[in-house]
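Rule-based calculations on the coordinates, nothing more; no lab input. Fair warning: this is a prediction, and the values are worked out from it, not measured in the lab. Cβ placement follows ideal geometry from the backbone for every residue including glycine, while neighbour counts extend to all protein chains displayed.
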């Protein structure tokens with residue numbers, strides 16, 4: 001786990017479909033409240049569709065445009081436990097599943113960088129995701145690439161040691 005980091009230096013090298021399938025499978029093995037499994041994962045690796053999704057990324061996520069695959073993660077409140085004290089488990093459970101996926105990607109030697117910086121309405125329209133779903137994150141995937149393609153700020157952060165809360 002200590003090797004997992006949200007790197008940005010991504011190469012355009014394709015990721016084998018079997019690996020993408022295993023990433024989603026590992027996510028689906030996550031625990032969830034009453035085993036409701038509220039998560040949805042959509043792997044985007046087909047060039048035309050992938051380019052349309054990348055058009056919904058702002059300039060700050062320029063580095064993600066080299067990614068050969070992105071996974072859209074979405075859910076809705078009604079698909080999971082809502083307990084009497086207003087504890088809504090859909091986001092928590094989906095986060096657990098994403099954690100599994102990120103850990104598995106690290107084991108495969110891949111970068112898996114979840115991002116919040118995207119136009120969710122545009123991505124949902126592009127992917128045909130119904131309005132009642134919350135598009136939580138896009139996970140940008142790839143093999144480690146050339147750091148010189150990054151801005152000076154991002155080159156520095158690729159090597160910085162990050163402090164973690166205990």
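I need the shape label for the stretch 42-149. Rule: rounded when a/c is under 1.5, else prolate if a/b > b/c, else oblate, with a, b, c from the alpha carbon gyration tensor. Oblate. One decimal place: the segment residue 25-residue 106 gains 27.7 nm when fully extended, by the rule 0.36 nm per residue minus the C-alpha distance. A Förster distance of 41 Å, applied to the separation of the beta-carbon atoms of residue 62 and residue 88, puts the FRET efficiency at 0.75. With 0.36 nm allotted per residue and the present C-alpha distance subtracted, the residue 152-residue 116 stretch has 10.8 nm of extension available. Between the stretch 9-67 and the stretch 111-130, the alpha-carbon centres lie 10 Å apart. Here the simple spin-label model places points 7 Å from the Cα toward Cβ, and for residue 13 and residue 166 these points are separated by 3.7 nm. A full extension of the chain between residue 134 and residue 52 corresponds to an added length of 27.6 nm, given 0.36 nm per residue minus the alpha carbon distance.
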